[in-house]
Amino acid sequence: MSSPKILYITPSLQSFVKSDIRMLSKYFTVRVINQPWGDKRLAPFNFLTQFFDMLFSIFGTKFILVNFGGYWAFWATILGKAFGKKVFIVTHGTDCAAIPEINYGSLRIPLLKRICRFSYTRAEAIFPVSESLIETELLFDPVITSRKQGLLFHFPELKVPIETIYNGLDESQWTLPEKPDRIINSFLAVMSPSQFELKGGDLILEIAREYPNCSFYFAGIQAADIKLETPTNVHFLGFLSPEDLLAWYQKTEFYFQLSSFEGFGCALCEAMLCGAIPIGSSSNHIPQIVVKSGFIIPHKSLESAVPVMDKVLNSVNKDLLSINSRLQIQANYSIALREQKLIAALERFTGKSYTN
């Protein structure tokens, strides 16, 4: 007996997207529709192509699952309604925010905000990956004056069910080192060049200048990508393969997630599974991920960071914090837990059983 067919609409194929596709494939025949939406010049072509892709694929489909709110959700909503297919939208961060001060958030773009409103209000349900994407107040970055963010702040008229389902991490992929041999007083951060200030790269450079005897590593960035002067204890690793990234998670003592806005924090969870002790910002869901296994810097300033860094470097229980970091993710953010909650929600909203 063949598995029920679903359409999975996504603008990108990050690791957490591929993980969801693998998980859904246990229960469904997943037809993935993915246009290169990252190239804005291709937007009209993508819009047209997606329409025909969906039109020819929708027959026999049980429901439509859309990853991220955005232009790609428009046809899903229209055709879902026309063909009687329920549409579910997973929101991840930028699709719930408008922060012009840091040039972040899909909802600061008027047309894109209208499309998001159109699709969100017509979805069967919305599944944000953290509660902070429903409502939050940003107090970490003093540059941000648009402090209130989230679905219900931007769309107070929204009446569709909203159910938080956390991202899930594969603990078999992100593992503790067999023989711990971490670089003493080493700190890692993962980001792309365009995310440098969003994810606190500028603050990390300030911290590095203050602590010249520590080593700071940036994955995903080359030295040429940064216009700021960098101290000699800062090292740029460039783009890393998953295997190389795993090795760096396992060899550094601490992991920085100093984001001004962070929908969830998959890299943070990956690092914690590998035993890197987390140092996070007070933004969004980051404190709930870190809890007692690491440290939180309350405000984006060197004055706020120094007392926390001093506590970090004087920790006498690093081994315990390292183990607790992995246990925290295993207990609360496993791929198995996401699978259980997502499939249960889909069964509930469609009135069908997919686990028999």
What does the stretch 44-167 give for Rg and for Dmax, in Å, if only its C-alpha atoms count? 15.1, 51
Taking a probe of 1.4 angstrom, what is the accessible area of V160 in Å², to the nearest 10? 20
Using alpha-carbon positions, the gyration tensor of the stretch 255-321 gives root eigenvalues a ≥ b ≥ c; with a/c under 1.5 called rounded, otherwise prolate if a/b exceeds b/c, else oblate, the class is oblate
Round to a whole angstrom and tell me the spacing of the C-alpha centers of the stretch 310-355 and the stretch 117-144. 20
Which of K199/K341; K179/K311; K148/K300; K227/K311 exceed 20 Å between C-alpha atoms? The answer is K199/K341; K179/K311; K227/K311
Starting from the Kirkwood radius over alpha-carbon pairs of the stretch 107-215, derive D by Stokes-Einstein at 20 °C in a medium of 1.002 mPa s and give it in µm² s⁻¹. 120
The stretch 22-109: radius of gyration and largest Cα-Cα distance (Dmax), Å: 14.3, 45
Across the stretch 173-305, how large is the tail of the calculated P(r) beyond 27 Å, expressed as a percent of all Cα pairs? 10
Based on DSSP, what percent of beta bridges with both residues in the chain are antiparallel, to the nearest 5? 10
Among rounded, prolate and oblate, which fits the stretch 79-123 when a ≥ b ≥ c are the square roots of the eigenvalues of its C-alpha gyration tensor, a/c under 1.5 means rounded, and a/b larger than b/c means prolate? prolate
For the chain, which semi-axes, largest first and in whole Å, follow from the square roots of 5 times the eigenvalues of its Cα gyration tensor? 36, 23, 18
Computed over the Cα atoms, what is the radius of gyration of the stretch 173-222 divided by 2.2 N^0.38 Å, N being its residue count? 1.31
Mean ellipticity per residue at 222 nm, deg cm²/dmol - from DSSP H runs of n ≥ 4 across the chain, formula -39500 (n - 2.57): -11000 deg cm²/dmol
Per-residue ³J(HN,Hα) for the stretch 213-223, Karplus 6.51 cos²θ - 1.76 cosθ + 1.60, θ = phi - 60°, Hz, x for Gly and Pro: 8, 9, 10, 10, 10, 10, 9, x, 9, 9, 4
Rounded, prolate or oblate: which one fits the stretch 280-319, using the alpha carbon gyration tensor with axes a ≥ b ≥ c (rounded when a/c is under 1.5, else prolate when a/b beats b/c, else oblate)? oblate
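The values are calculated or read from the model by the stated rules, or taken from the named source; none is laboratory data. Bear in mind that the values here come from a model prediction, so they are computed numbers and not experimental data. Accessible surface is based on the protein model in full, side chains and every heavy atom, while ligands, DNA and RNA are left aside. Shrake-Rupley method; radii C 1.70, N 1.55, O 1.52, S 1.80 Å.
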